[in-house]
Every structure is written in structure tokens, then in C-alpha cells.
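Peer 1: First the structure, then my questions, so here it is.
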Amino acid sequence: MATTIAATRLKRGMIIIQNGDLLRILDLEHKTPGNLRGFVRVKTRNLRNNSSSEQRLRSEDVVERAVLDEKQMQYLYSDGDGHHFMDTETYEQIHLSSEALGDSAGYLKPETTISVEFFGAEPVGIELHQTVDLTVVETVPAIKGATATNQLKPATVETGMVVQVPPFIGEGDVIRVNTETGEYQSRA
């Protein structure tokens with residue numbers, strides 16, 4: 001259940017297989033130093049034991065990308081152990097740890113339908129929508145007379161995540177947030 005992909009085509013969030021372990025790519029950086037050959041520096045997390053590692057791949061290296069099955073599931077709730085999802089067809093419930101979800105957990109709202117990724121029968125992560133609408137629950141009031149267009153202020157949304165928003169956003173506003181970058185997009 002795997003395909004091969006060139007190291008230069010790797011993207012953040014992909015799951016690759018190395019030495020029989022499933023590794024999620026947390027961060028990557030393409031480097032082409034001067035007259036040397038290009039390489040890709042990849043930071044990964046092992047999905048089975050949650051250990052992190054960093055490796056350097058040559059541009060011509062080929063890695064094995066895990067082929068994942070996706071199943072539509074409903075996010076139910078979070079507790080001290082992690083996050084619980086329910087299959088909308090069979091009503092079977094699964095549990096994913098906070099480490100497996102990483103930063104994605106900040107975008108989950110109860111009763112939201114989301115794609116859960118499976119490698120065989122093992123749930124390994126979730127696939128978020130491009131954007132998500134969240135309600136602002138706490139932010140500082142706008143400063144009168146502040147006319148700088150690139151000025152931002154912190155706002156806490158309903159999931160507990162903090163997003164930088166423009167000064168005109170107030171408590172109770174619903175905002176659209178990009179799930180890849182965590183940046184404010186617009187009012188919803």
C-alpha cells in the first residue's frame with residue numbers, strides 16, 4: 001500500500017514509509033547551496049512511537065509514500081487521552097491521540113464531519129478542509145485611531161487556538177481561518 005515519490009515532491013503533512021515505520025512530514029526545506037547539489041531537509045514524526053527525527057534527502061532520492069484510505073467521520077469530543085471520532089455509517093468510534101493530530105486539533109469543532117486517514121485498519125491522522133469557520137470568544141478591543149492596515153491583534157477562538165486578526169474583529173464574530181497556515185482569511 002505504497003507508491004514512490006521523488007524527495008523534491010514531498011509536502012508538509014504527507015506520510016512516508018521508511019524502514020517499515022510510518023513517518024508524518026512536519027516540516028521540510030528545499031536547499032540548493034551554491035555550487036553543491038540540492039537537497040531536502042525533512043523533519044518527521046514516527047506515528048507509532050511519536051519520536052521526531054530530522055533527515056537530509058538528496059534531490060534524486062526516491063521515498064515510499066503511504067497510500068491512505070479516507071473515511072468520513074464525525075468529530076465528537078476531546079478528553080485527556082485525545083480526540084474521539086464516530087463513523088457516520090457504522091457508528092463505530094475511534095480514538096486519535098493529540099500527538100497524532102498535532103496542530104490540526106485546534107481546528108476541530110464538535111459535530112463536524114471530517115476525513116480520517118487510515119493505513120490499513122489503523123487511524124493515523126485527519127485531512128482538514130482548506131478553511132474552517134470559528135467564533136472569536138476573546139480579543140482585545142480595537143484601538144480608536146489605529147489606521148495601520150497591517151496591524152493585527154490576537155484573538156482566542158472557540159477551540160482555544162489563538163489567531164492574529166485585524167483590529168475590527170470583535171468578540172462573537174465568526175472568522176474564516178486557513179488550516180494550512182493558521183492565518184485569518186476573512187469574516188464568515
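Peer 1: Go through (1) open to solvent by 50 Å² or more (accessible area, probe 1.4 Å); (2) touching a helix residue (DSSP H, G or I) at 6+ places or on another chain (Cβ under 9 Å); (3) within 26 Å of D69 (Cβ to Cβ) for T3 and report which single condition fails.
Peer 2: (2)
Peer 1: Now, a different point. Just to be sure before I move on: is M1 at pLDDT below 85, under 17 Å from the mean Cα position of the chain (by Cα) and of a type outside the set (S, T, N, Q) in the structure I sent?
Peer 2: Working: at pLDDT below 85: yes; under 17 Å from the mean Cα position of the chain (by Cα): no; of a type outside the set (S, T, N, Q): yes.
So M1 fails the test.
Peer 1: Just give me the residues in the stretch 151-163 being in a strand (DSSP E or B) and surrounded by 13 or more Cβ atoms within 10 Å (Cβ to Cβ), in sequence order. Reasoning before the result, please.
Peer 2: Residues of the stretch 151-163 that are in a strand (DSSP E or B), as a first pass: 153-157, 162-163.
Scanning the stretch 151-163 gives K153, A155, T156, V157, V162, V163.
Peer 1: Check L57, L96 and return the single one that is more than 17 Å from the chain's Cα centre (by Cα), open to solvent by less than 30 Å² (accessible area, probe 1.4 Å) and not polar (S, T, N, Q).
Peer 2: Numbers: L96 fails: more than 17 Å from the chain's Cα centre (by Cα).
Among L57, L96, only L57 is more than 17 Å from the chain's Cα centre (by Cα), open to solvent by less than 30 Å² (accessible area, probe 1.4 Å) and not polar (S, T, N, Q).
Peer 1: For the structure I just gave you, tell me whether N49 is over 30 Å from T159 (Cβ atoms) and surrounded by fewer than 12 Cβ atoms within 10 Å (Cβ to Cβ). Break it down into steps so the answer makes sense when it comes.
Peer 2: Values: over 30 Å from T159 (Cβ atoms): no; surrounded by fewer than 12 Cβ atoms within 10 Å (Cβ to Cβ): yes.
No, not satisfied.
Peer 1: Then there's this: Can you pull out every residue in the stretch 5-51 that is touching a residue at least 40 places away in the same chain (Cβ under 8 Å), assigned to a strand (DSSP E or B) and under 25 Å from V116 (Cβ atoms)?
Peer 2: Of everything in the stretch 5-51, those that are touching a residue at least 40 places away in the same chain (Cβ under 8 Å), assigned to a strand (DSSP E or B) and under 25 Å from V116 (Cβ atoms) turn out to be I5, I15, I16, I17, Q18, L22, R24, L26, R45.
Peer 1: Mind checking which pairs have a first residue in the stretch 62-88 that is under 30 Å from V40 (Cβ atoms) and modelled with pLDDT of 85 or more and a second that is buried (at least 17 other Cβ atoms within 10 Å of the Cβ) and among the small types (G, A, S), Cβ under 9 Å, 6 or more apart or different chains?
Peer 2: Listed by first residue and then by second, the contacts come to V62/A7; V63/A7.
Peer 1: Only one residue in I169, I114 is part of a loop (DSSP other than H, G, I, E, B), more than 12 Å from the chain's Cα centre (by Cα) and surrounded by 12 or more Cβ atoms within 10 Å (Cβ to Cβ). Which one?
Peer 2: Selected residue: I169, the only one of I169, I114 that is part of a loop (DSSP other than H, G, I, E, B), more than 12 Å from the chain's Cα centre (by Cα) and surrounded by 12 or more Cβ atoms within 10 Å (Cβ to Cβ).
Peer 1: If you take the residues of the stretch 26-41 that are among the aliphatic types (A, V, I, L, M) and open to solvent by less than 70 Å² (accessible area, probe 1.4 Å), which of them is nearest to V62 (Cα to Cα)? Before the answer, list the steps.
Peer 2: Step one: list which residues in the stretch 26-41 are among the aliphatic types (A, V, I, L, M), which gives 26, 28, 36, 40.
The next check asks that each one be open to solvent by less than 70 Å² (accessible area, probe 1.4 Å); those that pass are 26, 28, 40.
On the way: L26: 18, L28: 15, V40: 12 Å.
Ranking the candidates gives V40 first.
Peer 1: Being in a strand (DSSP E or B), of a type outside the set (S, T, N, Q) and surrounded by fewer than 16 Cβ atoms within 10 Å (Cβ to Cβ) is the requirement here; does E138 meet it? Write out each step before concluding.
Peer 2: On the way: in a strand (DSSP E or B): yes; of a type outside the set (S, T, N, Q): yes; surrounded by fewer than 16 Cβ atoms within 10 Å (Cβ to Cβ): yes.
It is true that E138 is in a strand (DSSP E or B), of a type outside the set (S, T, N, Q) and surrounded by fewer than 16 Cβ atoms within 10 Å (Cβ to Cβ).
Peer 1: Which members of the stretch 172-188 meet the condition of being under 21 Å from the mean Cα position of the chain (by Cα) and open to solvent by less than 50 Å² (accessible area, probe 1.4 Å)?
Peer 2: I175, V177, N178, T179, G182, Y184, S186
Peer 1: Moving on to the next point. Taking the condition of being over 18 Å from M14 (Cα atoms) and either among the basic types (K, R) or surrounded by 14 or more Cβ atoms within 10 Å (Cβ to Cβ) (or both), how many residues in the stretch 60-93 meet it?
Peer 2: Step one: list which residues in the stretch 60-93 are over 18 Å from M14 (Cα atoms), which gives 60, 72-93.
Narrowing the set further to residues that are either among the basic types (K, R) or surrounded by 14 or more Cβ atoms within 10 Å (Cβ to Cβ) (or both) leaves 73-76, 78, 82-87.
Residues meeting the conditions: 11.
The values are calculated or read from the model by the stated rules, or taken from the named source; none is laboratory data. Computed from a prediction, not measured in an experiment: that's the story for all the values here. All Cβ positions, even for glycine, are placed from backbone atoms using ideal geometry, and neighbour counts span all protein chains on display. To get the accessible areas, we keep the full protein, side chains included, count just its heavy atoms, and leave off ligands, DNA and RNA. Shrake-Rupley method; radii C 1.70, N 1.55, O 1.52, S 1.80 Å.
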